[in-house]
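Below: the structure, in C-alpha cells.
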Amino acid sequence: MPLIEEPRRMNLLLRLGVAISERVTGRRMLPARLLAWYPKAAIGSGVLEALVAHHEPSPRLLKLVRVAASITANCAFCVDMNSFEHDRAGLTDAELAALAGDVDAVASFTPRERLAIEYARRISSSPLLFPEELTRALRAEFSERELVILATTAAQVNYWARVVQALGVPPAGFTEACRLPEPGLA
C-alpha cells in the first residue's frame, strides 16, 4: 500500500503525461500519479524518463544494467518493470535469474557484460567504491560515451528506486520472471 493517496485532480499537462506513460507501459503507473502532488518533480521525472538510453551501447547491455541496478537497490517495483520483456532484449530466464546472484555461474555473459553488471552493482551500492582495477577495465572496454550512458542508466534506476520505495509503491505486475533475492543470498 502506498504511503500517500493519489491526488484527486491533476492539471492537464500531468494527466497527459500519466496517460502517455500508462499507454506505453500498458500498466497503471502509480509513481507518475503520486508525483502529481508536486508538478515540478513530476515534470522533471518525466523528462528524465523520456531521455533514457534505449539502443546504445545495446538493448541487451542496457537491460542487464537496469536489472542489476534494480536488484542491488532492492526495489521490487524496479525489478518488476526493468525485467519486463527481457527476452526481447536477448536475455534468457537463466541470465535474468543470475543477476540476483552469481553472474559467473552463467557462461553466456560476455566479459563486457560482466563488467557492466559489476559497474551497475557498484553504482547502486553504498558506499560507492570503484577500485582502480575496475576503473582501468571499464576504460579499456567502453568508450567515454558508453561509460556515461551506463552510469546514467544505473543512476536513473537508483533515482526511481528511491522514489518508489519512499512512497511505498508496490510492483505493477509487469512480470514474474525476476524477483529480489532472499535476504543474505545476493
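Results, tabulated for the structure shown:
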| item | result |
| --- | --- |
| For the range 163-174, 3J(HN,Hα) per residue [Karplus equation, 6.51 cos²θ - 1.76 cosθ + 1.60, θ = phi - 60°, Hz, x = Gly/Pro] | 5, 5, 5, 5, 9, x, 7, x, x, 9, x, 6 |
| Highest average packing first - 63-69, 45-51, Cβ atoms within 10 Å | 63-69, 45-51 |
| Whole-number D in µm²/s for the range 8-101 (Stokes-Einstein; Kirkwood sum over Cα pairs; 4 °C, 1.567 mPa s) | 89 |
| Alpha carbon convex hull of the range 65-186, projected area averaged over orientations, nm² | 7.6 |
| Structure-based [θ]222 nm, the chain - -39500 (n - 2.57) summed over DSSP H runs of at least 4, per residue, nearest 500 | -17500 deg cm²/dmol |
| Residue of 111, 59, 171 that the Gaussian network model of the chain assigns the largest fluctuation, springs spanning Cα pairs under 10 Å | 111 |
| Contact order relative to length of the chain, as percent, for alpha carbon pairs under 8 angstrom and 6 or more apart | 34 |
| Crossing angle, helix 111-123 versus the chain [Cα axis fit, 0-90 degrees, rounded to tens] | 50 |
| Computed FRET value (nearest 0.05) for residue 8 with residue 128, which takes r as the C-beta separation and R₀ as 41 Å | 0.55 |
| Nitroxide proxy distance, nm - points 7 Å out along Cα→Cβ at residue 58 and residue 92 | 1.5 |
| Rounded to whole Hz, the Karplus (6.51, -1.76, 1.60) HN-Hα couplings of the range 37-47, x for glycine and proline | 4, 10, x, 4, 5, 5, 5, x, 5, x, 5 |
| Phi-based couplings in Hz for the range 26-36 (Karplus 6.51, -1.76, 1.60; Gly and Pro marked x) | x, 9, 6, 9, 4, x, 5, 5, 5, 5, 4 |
| With Cα atoms, 0 to 90° folded angle of helix 132-141 axis to the chain main axis | 80 |
| Binned Cα-Cα distances of the range 81-135, short to long, each 5 Å bin given as a whole percent | 4, 17, 26, 25, 16, 9, 3 |
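Computed from the coordinates by the stated procedures, all read-outs in this text should not be read as laboratory data. On a predicted model such as this, the values are computed, not experimentally measured, just so you know. Note: ideal-geometry Cβ built from the backbone for every residue, glycine included; neighbour counts use all protein chains shown.
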